[in-house]
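The structure appears right after this line, and notes come after that.
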Amino acid sequence: MEIFTEHVNGIMIHKITIGHIHESGCTGCLAALMDNYQGIFTILDKYADLVYGLTLVDVRKIPKMDVALIEGSVCIQDKLATDEVREVRDKSSVVIAIGGCACSGNITRFDRGGQQNQPQHESFVPVSDLIDVDIFVPACAPTPEALRNVCVMTYLLLRGNDEQKALAGMYLKPLMDLARSPYGSKASFNTLMQEVINLGLCMGCGSCAAACPVRAITMEYGKPQGLRDLCVNCGACFSQCPRSFFDHELMEHHEQIMGMLKAVMQ
Amino acid sequence: MNVLGKYKSVVSARSTDKEILKASQDGGIVTSLFAYALEQGIIDGAVLAGPSSRPWQPQPFVATTRAELLKARGTKYNICPQISMLKEATRSYGLDKVGIVGVPCQIQATRKAQLYPIGMRDVPDKIALVVGIYCMEVFPYKGMQLIVEDHAGQKLQSVKKMEIGKGKFTVITERGNVTQLPLKVTHKYEQPGCHVCLDYVANTADVSTGSVGSPDGWSTVFVRSRIGEDVWGKAMAAGCFETKPIDQVKPGLEMVTKLATEKITKNQKTVDERAHFGVGKALRNPYI
């Protein structure tokens, strides 16, 4: 516990800079981040300066920043959008895709164009199809708690002492792996099917059914059944599944980590 | 890796509540602990495995009263997707302090829901008491039906209690018939997903319990976390349990260690073999 309490006192010296970049999404991810209520003020007071963000920060040009939180998928017919994500990659140390659209396309996968006043905007891809993304936080919307945890861990990765860096590295590794995996940006109920159920890993815990934001998953005879027409491709089921990734060593310290997260949010 | 996980204390225990013991699997630990926690406001509800419309098929539900807790007594040995009700408990039932009981994989899922709450809004900070049950493996419902109806020759509806212990699968009917099958017979009906599980005694629970290591009618209890220590201590002080030191009971901790080692060794082998399952092709390892 020592390593976790120590930084609470020493933490405020070097804030990181973060930006929120809005591509084709519904602002639900930003709303989820704000749903940390008091917690978001704590993050901005103690750990991070928000240097770019739609409606929140009066900055027109994308500045250099430590962490970019990208929400939304990218329309490849929209030059502004594609230029913007390239610029974000260039100017940020860590790019985090937040939410289903940025990670795996989500509901924008169903777009066929034809809408005024840009009917030619019809093809939407996850951010990682265009630039290297470092960390995925899937789900529609991502939860306030997941965004909080990832923000704190990213802060520790960049500013923590060696032990904190090691812990943050362990915590973030699976989310980094997901960003680089062949299935991360293609996630849907099918991913759960192909990467867990079809590989003999499912043990019927029901995490996927709880995680699904559209209630497309029911447990039949103890196993997940997905109504694939309802699935919005957010990837929550697969990432929540304890058999998608699970680090025994990290999980053994669950109590300290939860305690640390609580402490830093005070 | 320590096969028993981290723990602060371990004892052999039995509930002092006669009503709970009437239909408990062993020492009535889980039901008594939740009943105490509910009564004291440590939890305001719990996700448990209750009855469903099919005989012996459990169904997860949220219990908010003692009467509801009692419905979940006893081991069912087939899959109950507890975690599917975890977010329901906080968001539909509006609970702020949730208790959950589960086998090791479900406790892992609960901890993952706390540390990586990808799709678990309002869950991570509202888990108040996590009780784990030792588990070697479970059966799919149809597998269990096959064991009971085809191998043991009993109707599922007529079964009063099932037990796995001392190398046997035991089926006891309401009319008192006792059929025992060697586990050799039941192995092939186990859920395949259990064979990559590397946890026997719910290493990440607050309190974990099971019959192994203690005499009949008693349970072995590991108290693991600060929350577990706090709740267990209070329940003990309130007289909910009688206990015996674990080194004074037979077969004792040695048996728990033996079975945990067996399970983890066997399943680690399965995980390792999956790395060379095809010709130069691996089946995905969930732990790396």
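The values are calculated or read from the model by the stated rules, or taken from the named source; none is laboratory data. Predicted, not measured: the structure shown is a model, and the values here were computed from it. Quick reminder, even Gly has a Cβ in these numbers, built from the backbone with ideal geometry, and neighbours come from all protein chains shown. Protein only, heavy atoms only, side chains kept; ligands, DNA and RNA dropped before computing areas. Shrake-Rupley method; radii C 1.70, N 1.55, O 1.52, S 1.80 Å.
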Notebook entry, point to check: A:Val152 is checked against (1) free of Cβ contacts under 8 Å to residues at least 40 places away in the same chain; (2) closer than 25 Å to A:Asp49 by Cβ and fails just one. What number does that condition carry?
Noted result: (1)
Next item on the list: Determine which single condition A:Leu199 fails, assuming it passes every other condition in (1) open to solvent by 20 Å² or more (accessible area, probe 1.4 Å); (2) under 16 Å from the mean Cα position of the chain (by Cα).
Entry: (2)
Item checked: Search result, residues across the stretch A:22-46 that are open to solvent by less than 60 Å² (accessible area, probe 1.4 Å), in a helix (DSSP H, G or I) and closer than 16 Å to A:Glu145 by Cα -> A:Gly28, A:Cys29, A:Leu30, A:Ala31, A:Ala32, A:Leu33, A:Gly39, A:Ile40, A:Thr42, A:Ile43, A:Leu44
Checklist line | From B:Val212, B:Val231, residue being in a helix (DSSP H, G or I), open to solvent by less than 40 Å² (accessible area, probe 1.4 Å) and assigned by TED's automatic domain parsing to the domain that holds B:Ile127 | finding: B:Val231
Note to self: When you scan the stretch B:157-168, do you find a residue that is out of contact with any Leu (no Cβ under 7 Å at 6 or more places or on another chain), within 14 Å of chain A (Cβ to nearest Cβ) and of a type in the set (Val, Ile, Thr), even just one?
What the structure shows: no
Next item on the list: Output the strands (runs of 3 or more DSSP E) that fall wholly within the stretch B:8-63 and possess 3 or more residues being under 30 Å from B:Gln248 (Cβ atoms), touching a residue at least 60 places away in the same chain (Cβ under 8 Å) and among the polar types (S, T, N, Q), or say none.
Entry: B:9-15
Next item on the list: Kindly check whether there is at least one residue in the stretch B:114-136 that is at the interface with chain A (Cβ under 10 Å from one of its Cβ atoms), polar (S, T, N, Q) and within 23 Å of B:Gly28 (Cβ to Cβ).
Entry: no
Note to self: Would you confirm, using the coordinates I've provided, whether B:Thr90 is polar (S, T, N, Q), assigned to a helix (DSSP H, G or I) and under 28 Å from A:Val137 (Cα atoms)?
What the structure shows: yes
Note to self: Go through (1) away from chain B (no Cβ under 14 Å); (2) free of Cβ contacts under 8 Å to residues at least 24 places away in the same chain; (3) in contact with a helix residue (DSSP H, G or I) (Cβ under 7 Å, 6 or more places away or on another chain) for A:Phe124 and report which single condition fails.
What the structure shows: (2)
Next item on the list: Considering each of A:Glu220, A:Glu255, A:Glu249 in turn, give the residue that is facing another protein chain (nearest Cβ under 7 Å) and over 21 Å from the mean Cα position of the chain (by Cα).
Entry: A:Glu255
Check: From the residues in the stretch A:63-91 that are of a type in the set (Val, Ile, Thr) and within 13 Å of A:Ile131 (Cβ to Cβ), which one is farthest from the chain's Cα centre (by Cα)?
Finding: A:Ile76
Note to self: Checking the conditions here, which among B:Pro140, B:Pro124 is touching a residue at least 12 places away in the same chain (Cβ under 8 Å) and open to solvent by less than 60 Å² (accessible area, probe 1.4 Å)?
What the structure shows: B:Pro140
Next item on the list: Would you mind telling me which numbered condition in (1) over 18 Å from the mean Cα position of the chain (by Cα); (2) surrounded by fewer than 16 Cβ atoms within 10 Å (Cβ to Cβ); (3) not acidic (Asp, Glu) B:Lys161 fails?
Entry: (1)
Note to self: Residue under question is A:Val51, and the condition is that it be of a type in the set (Val, Ile, Thr), part of a strand (DSSP E or B) and either at pLDDT 95 or above or on the phi > 0 side of the Ramachandran plot (or both); does it hold?
What the structure shows: yes
Next item on the list: Working carefully through the options A:Asp90, A:Asp129, A:Asp58, find the one that is of a type in the set (Asp, Glu), open to solvent by 60 Å² or more (accessible area, probe 1.4 Å) and closer than 29 Å to A:Val214 by Cβ.
Entry: A:Asp129
